[in-house]
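The values are calculated or read from the model by the stated rules, or taken from the named source; none is laboratory data. Treat the numbers as computed from the prediction; the structure is a model and nothing was measured. Quick reminder, even Gly has a Cβ in these numbers, built from the backbone with ideal geometry, and neighbours come from all protein chains shown. Accessible surface areas use protein heavy atoms only, side chains included; no ligands, DNA or RNA. Shrake-Rupley method; radii C 1.70, N 1.55, O 1.52, S 1.80 Å.
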Amino acid sequence: MAASAKPSNPIVLIPARMKSERLPNKPLALIAGEPMIVHVIRRAEEAKLGRVAVACAEQEIADAVIAAGGEAVLTDPNHPSGSDRIWEALLKLDPGGQHDAIVNIQGDLPVLDPAVPQAALAMLDRAEVDIGAPAAPIVDEDDVTNPSVTKPVVAWEADGSRGRALYFSRATVPYGPGELFHFIGLYAYRRAALERFVALPPSALEKREKLEQLRPLEAGMRIDVARVDTVPLGVDTPADLEKARKILEKP
């Protein structure tokens, strides 16, 4: 392991936008009396990875973040992906390039275990790794064939704690007996890797599978996957929101 491989000054960026087909205005949905985005900020801060900021598509989100004492930056509302949004935010927040790694935490993870982003960032301890991300074993049989669940094909190391991503698919892969994994859409990028990634055009496999993590793989970039215990609850629907409220609204 190269002594200089591990990033020394990461920043956590949380992309957030009001537009959501299944749960409109979800960053501001109240949980235990506070907007969901504020809970995500707190989970990110609990990971103790470094500076935390929200990349906002709308002023309403920025206002809520600032009111709670957080850091926010407005970005173009028309970005095609969260990766593009965090790159714009990074250039605005850190034009001098002080932050050498970016942890991208989605804005709909109010009950995120801090160990998950920590595991993603830990993958950058090797100089050859461009991007780190977590995955958890699939335990629900329905998820095996659910196309909404992304399955990574990983060349796991002997101890099973980490491995190199070979492919990602909505299909049930790899074929044959053995564990299947649920990929968690949370990333740790080296700064140069994020800059390269957002400059690349969408790739053929990315467009076919509708999975943007295939873009860096097709371009020859390396993604290492960290094995974690469970998939964090993502709030995509009113039912998910109620689950999060039950967890966080303690009596």
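Beyond 25 Å, how much of the Cα-Cα pair distribution for the stretch 124-251 remains, as a whole percent?
Numbers: 2444 of 8128 pairs.
Every Cα pair in the stretch 124-251 considered, those over 25 Å come to 30 percent.
Using Cα pairs closer than 8 Å and at least 6 residues apart in sequence, work out the relative contact order for the stretch 159-251, in percent. Walk me through the numbers before you get to the answer.
Working: 56 pairs, mean separation 34.5, N = 93.
Result for the stretch 159-251 is 37 percent.
For the chain, what does the relative contact order come out to in percent, with C-alpha contacts under 8 Å and a separation of six or more? All intermediate terms of the calculation are to be shown ahead of the outcome.
Numbers: 516 pairs, mean separation 57.2, N = 251.
That works out to 23 percent.
Taking N as the number of residues in the stretch 16-82, what is its Cα Rg relative to 2.2 N^0.38 Å? Don't skip to the answer; put the middle values down first.
Details: Rg = 11.6 Å, N = 67, 2.2 N^0.38 = 10.9 Å.
After normalising by residue count via 2.2 N^0.38 Å, the value is 1.07.
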**Prompt:** Which ³J(HN,Hα) values in Hz, rounded to whole numbers, follow from the phi angles of the stretch 131-145 under the Karplus curve 6.51 cos²θ - 1.76 cosθ + 1.60, where θ = phi - 60° and Gly and Pro get x?
**Reply:** 9, x, 7, x, 8, 10, x, 6, 10, 8, 4, 5, 6, 4, 10
**Prompt:** Listed highest first by mean packing, meaning other Cβ atoms within 10 Å per residue, what order do 199-205, 32-38 come in?
**Reply:** 32-38, 199-205
**Message:** Just the number please: accessible area per residue for the chain, 1.4 Å probe, all protein chains included, in Å².
**Reply:** 47 Å²
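How many lysine pairs in the stretch 110-251, separated by 8 or more positions in sequence or lying on different chains, have Cα atoms less than 29 Å apart? All intermediate terms of the calculation are to be shown ahead of the outcome.
Values: K151/K207; K151/K210; K151/K243; K151/K246; K210/K243.
Going through the stretch 110-251 pair by pair, I get 5.
For the pair T145 and K210, what calculated FRET efficiency results from E = 1/(1 + (r/R0)^6), where r is the Cβ-Cβ distance and R0 = 25 Å, to the nearest 0.05? Working shown, then result.
Details: r = 17 Å, r/R0 = 0.67.
With a Förster radius of 25 Å, E is 0.90.
At 222 nm, what value in deg cm²/dmol follows for the chain if DSSP H runs of at least 4 each add -39500 (n - 2.57) and the sum is divided by all its residues, to the nearest 500?
Numbers: 9 runs with 76 residues, N = 251.
Helix-only estimate at 222 nm: -8500 deg cm²/dmol.
Compute the longest continuous run of the chain that contains no exposed GluC sites (Glu not before Pro); treat a site as exposed when its DSSP state is not H, G, I, E or B and it has at most 12 other Cβ atoms within 10 Å. Walk me through the numbers on the way to the answer.
On the way: sites that count: E21, E128, E157, E179, E249.
Looking at the chain, 22-127 is the longest stretch - no exposed GluC sites (Glu not before Pro) with at most 12 other Cβ atoms within 10 Å.
Going by average Cβ density within 10 Å per residue, which order do the peptides 10-19, 96-105 take, highest to lowest?
Details: 10-19: 23.1, 96-105: 19.4.
The densest-packed peptide leads the list: 10-19, 96-105.
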**Message:** I'd like the carbon and sulfur percentage of the solvent accessible area for the stretch 159-251, probe radius 1.4 Å, heavy atoms only, ligands and nucleic acids excluded.
**Reply:** 56 percent
